[in-house]
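The values are calculated or read from the model by the stated rules, or taken from the named source; none is laboratory data. Since the structure is predicted, the reported quantities are computational estimates derived from the model, not experimental observations. Positions of Cβ are generated from backbone atoms using ideal geometry, with glycine treated the same way; all protein chains shown enter the neighbour counts.
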There are 2 protein chains.
Amino acid sequence: MSAVDPRLAKLSLNQRTTESWSVREAVDGCVRAGIPAIGLWREPVAEIGVATAAKLVADAGLRVSSLCRGGFLTADGEAGRAALADNRRAIDEAAGLGTDCLVMVVGGLPPGSRDLRGARQRVADALAELAPYAGERGVRLALEPLHPMYCADRAVLSTLGQALDLAEPFPVAQVGVVVDTFHIWWDPDVWRQIARAGDRIASFQVCDFLTPLPADVLLGRGMMGDGHIDFPPFRRAVEEAGYTGDTEVEIFNAEVWATDPDEVLATMKDRYLQLVLAD
Amino acid sequence: MSAVDPRLAKLSLNQRTTESWSVREAVDGCVRAGIPAIGLWREPVAEIGVATAAKLVADAGLRVSSLCRGGFLTADGEAGRAALADNRRAIDEAAGLGTDCLVMVVGGLPPGSRDLRGARQRVADALAELAPYAGERGVRLALEPLHPMYCADRAVLSTLGQALDLAEPFPVAQVGVVVDTFHIWWDPDVWRQIARAGDRIASFQVCDFLTPLPADVLLGRGMMGDGHIDFPPFRRAVEEAGYTGDTEVEIFNAEVWATDPDEVLATMKDRYLQLVLAD
């Protein structure tokens, strides 16, 4: 790709932010916008195959900052074994795409279950199965604590502290954590936990927290500046913890998805410069 | 009131659960249902005056388990001073109603502000103003951590641990905490914090966490059994922490509000017996 504005050297587009774009379109869009990295999702990658996606990204001179996503590890029995097999495939895909970061959304309570403690234990057990497999392939499982409003139906992993408790039994190269402002901005303990995370930080994701939340609360993620989060303290905190990787912008938002994606990238760059890099 | 089923001796109706009822109707409903305690709200109390409300409750032989609510302490300047004055009135009302528990919802970020740390500090400052005033009147400020999804717009107090950090500089008789299952069920640290809370526990509230959340996320509180929470561990934890007070059922839910309130009370008693008292 052509020369990148040095201030954008660590900016990454998570491809869900431009949901209507294929991998090829998102790669081309990043090149046009001078965005040097991209976070890919398994489903659009599967449409063209891992090898083709890897070649597209490499030919464009982009980095793959992460692959979304593995996880959903809270079921037991057959469903649990199927989840492990699927996660091994996800690890292979991450390796094939040349990224060391596989984002893990661990899953909610199994249908009808109220056993939160048990679900959390199954995540720990599954990690023990998957971490060595990931490490052997140069991939790190990046545990993403999700906002507590998703605890029942999406991720029983709710705080950065809990993610670190889960990660710490494993080598740093095998299990890390995701720092996503949307999910953890409210946490009174977040600064201590980011410092504690240190080189466990495998991904830094930014987007804003909107109110009122939309009817589908999964789509409450907004463009930086449209919500309530003060970003520079988070950027500084991950930097002070030693993180030198990309800052990925991941927005699930019906209005953003209805906007021309090139325009979304232009806004994203502006807001990143003004609101994330600002001191 | 007539003899209460001894298993219901600590059950309390928070009057918002039967939103269409006046104080008088809710008191009468509790008597008919054999529910010995009621949590009142300031607005319906104001419609008839504190003295009349206190007499209605006393004549019916009910306890007032709490008054909802003081708080909204995150503004500064004139709005902050007005909030302090309003909270002093709320304390007087609690005293007048014969309850020692004033539930505090501390307020969200002021409009346009992204200074979460500052908002939290203003809550601490306001507590220092209000706690002695409350203590002199035999009222305890019961800090309610709200689910983190309300951090921006309703309460910057998000965890029980944070509530205890705020409460502990003050005498136990002046500042306590609310343990509300809906708000804290997801917290991986909750068992440690309930044990830590000990005699700071001023109120125990139960209701369930529903998914999908309704369009107005304030109304995601469901009847016990309709959602994802396992209640007995919470009941046992507050008992083991030394709490001997009432268990208040507080449900904000459009469907519950559209149901005949006597029927709501019947369901509430059944679910309480089956799902909260169960071992």
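Applying the condition of being surrounded by fewer than 24 Cβ atoms within 10 Å (Cβ to Cβ) and under 18 Å from the mean Cα position of the chain (by Cα) to region B:128-145 and asking which residue is farthest from the other protein chains (Cβ to nearest Cβ) yields B:Gly138. Here B:Leu218 qualifies as within 14 Å of chain A (Cβ to nearest Cβ), at pLDDT below 95 and in a helix (DSSP H, G or I).
Scanning region B:35-44 for residues that are without any contact (Cβ under 8 Å) to a residue 40 or more places away in the chain and farther than 15 Å from B:Asp59 by Cβ yields a count of 3. As an exercise: evaluate B:Val45 against (1) in contact with a strand residue (DSSP E or B) (Cβ under 8 Å, 6 or more places away or on another chain); (2) closer than 21 Å to B:Cys207 by Cβ; (3) not small (Gly, Ala, Ser) and give the number of the one condition it does not meet. Of the numbered conditions (1) in contact with a strand residue (DSSP E or B) (Cβ under 8 Å, 6 or more places away or on another chain); (2) closer than 21 Å to B:Cys207 by Cβ; (3) not small (Gly, Ala, Ser), the odd one out for B:Val45 is (2). Of all the numbered requirements in (1) within 14 Å of chain A (Cβ to nearest Cβ); (2) in contact with a helix residue (DSSP H, G or I) (Cβ under 9 Å, 6 or more places away or on another chain); (3) in a loop (DSSP other than H, G, I, E, B), B:Ala237 misses one, and that requirement is (3).
So, A:Leu56, is that one modelled with pLDDT of 95 or more, over 30 Å from A:Asp279 (Cβ atoms) and not in a helix (DSSP H, G or I) or not? So A:Leu56 fails the test. The set of residues from region A:250-279 being surrounded by fewer than 13 Cβ atoms within 10 Å (Cβ to Cβ) and closer than 15 Å to A:Val206 by Cα comprises A:Gln274, A:Ala278.
Scanning region B:16-44 for residues that are closer than 23 Å to B:Ala134 by Cα and either surrounded by fewer than 22 Cβ atoms within 10 Å (Cβ to Cβ) or modelled with pLDDT under 95 (or both) returns B:Trp41, B:Arg42, B:Glu43, B:Pro44. Residues considered: B:Ile194, B:Ile251, B:Ile201, B:Ile229. Of these, the only one that is modelled with pLDDT of 95 or more and within 24 Å of B:Arg24 (Cβ to Cβ) is B:Ile251.
Which one is surrounded by the fewest Cβ atoms within 10 Å (Cβ to Cβ), of the residues in region A:92-108 that are of a type outside the set (Asp, Glu) and part of a helix (DSSP H, G or I)? Restricting to residues being of a type outside the set (Asp, Glu) and part of a helix (DSSP H, G or I), the top hit is A:Gly96.
Considering B:Gly107, B:Gly77, the condition of being of a type in the set (Gly, Ala, Ser), within 14 Å of chain A (Cβ to nearest Cβ) and out of contact with any helix residue (DSSP H, G or I) (no Cβ under 7 Å at 6 or more places or on another chain) is satisfied by B:Gly107 alone.
In the condition set (1) touching a residue at least 40 places away in the same chain (Cβ under 8 Å); (2) not in a strand (DSSP E or B), B:Arg89 is compliant with all but (1).
The single condition among (1) within 14 Å of chain B (Cβ to nearest Cβ); (2) within 23 Å of A:Gly161 (Cα to Cα); (3) buried (at least 21 other Cβ atoms within 10 Å of the Cβ) that A:Ala197 does not satisfy is (1). Taken over region A:221-234, the criterion of being buried (at least 22 other Cβ atoms within 10 Å of the Cβ) and either over 16 Å from the mean Cα position of the chain (by Cα) or at the interface with chain B (Cβ under 8 Å from one of its Cβ atoms) (or both) is satisfied by A:Ile229, A:Phe231.
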